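Here the structure is laid out as structure tokens; the discussion comes afterwards.
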Amino acid sequence: MEVGVRVHVETLPTGEQRHVASAHLVFVGLDREGRPAQVPQVIAESDEERRRQAQARVRREQRLVRKKKIAEAAHSAG
């Protein structure tokens, strides 16, 4: 599961807020033995949620490609 996070800071005297960081955190469901396990999917109900899920799928594919390239590079160097 991927969760988007936005961090804002607030200037106390003025109350002005500004965005300072964004991130996508990835969580993995685990079974009783601590191994990755299937969890129920979140059902997108709005166009916005469907758009975000599509973007999350793209980010996941990009992560997997990077992971594979890193593993291949480590294998060739080793």
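The values are calculated or read from the model by the stated rules, or taken from the named source; none is laboratory data. Given the structure is predicted, the values throughout are model-derived calculations rather than measurements. Every residue, glycine as well, gets a Cβ built from its backbone with ideal geometry; the counts of neighbours run over all protein chains shown.
Taken over region 42-54, the criterion of being out of contact with any helix residue (DSSP H, G or I) (no Cβ under 9 Å at 6 or more places or on another chain) and either over 19 Å from Leu25 (Cβ atoms) or free of Cβ contacts under 8 Å to residues at least 24 places away in the same chain (or both) is satisfied by Glu45, Ser46, Asp47, Glu48, Glu49, Arg50, Arg51, Gln53, Ala54.
For region 31-47, the criterion of being of a type outside the set (Ser, Thr, Tyr), in a helix (DSSP H, G or I) and at pLDDT 95 or above is met by at least one residue. In the set (1) at pLDDT 95 or above; (2) exposed (fewer than 10 other Cβ atoms within 10 Å of the Cβ), Arg51 fails one condition alone, (2).
Looking at Val26, Val58, Val20, Val65, which one is touching a residue at least 24 places away in the same chain (Cβ under 8 Å) and not charged (D, E, K, R)? Working first, answer last.
Numbers: Val58 fails: touching a residue at least 24 places away in the same chain (Cβ under 8 Å); Val20 fails: touching a residue at least 24 places away in the same chain (Cβ under 8 Å); Val65 fails: touching a residue at least 24 places away in the same chain (Cβ under 8 Å).
When all the criteria are applied, what remains is Val26.
Screening Gln62 on (1) surrounded by 10 or more Cβ atoms within 10 Å (Cβ to Cβ); (2) part of a loop (DSSP other than H, G, I, E, B); (3) modelled with pLDDT of 95 or more shows it passes everything except condition (2).
Looking only at region 17-37, count how many residues are over 19 Å from Arg59 (Cβ atoms) and either surrounded by 10 or more Cβ atoms within 10 Å (Cβ to Cβ) or out of contact with any strand residue (DSSP E or B) (no Cβ under 7 Å at 6 or more places or on another chain) (or both).
So in region 17-37, the residues over 19 Å from Arg59 (Cβ atoms) come out as 17-20, 30-35, 37.
Imposing the further condition that a residue be either surrounded by 10 or more Cβ atoms within 10 Å (Cβ to Cβ) or out of contact with any strand residue (DSSP E or B) (no Cβ under 7 Å at 6 or more places or on another chain) (or both) reduces the set to 17, 30-35, 37.
The number of residues fulfilling the criteria is 8.
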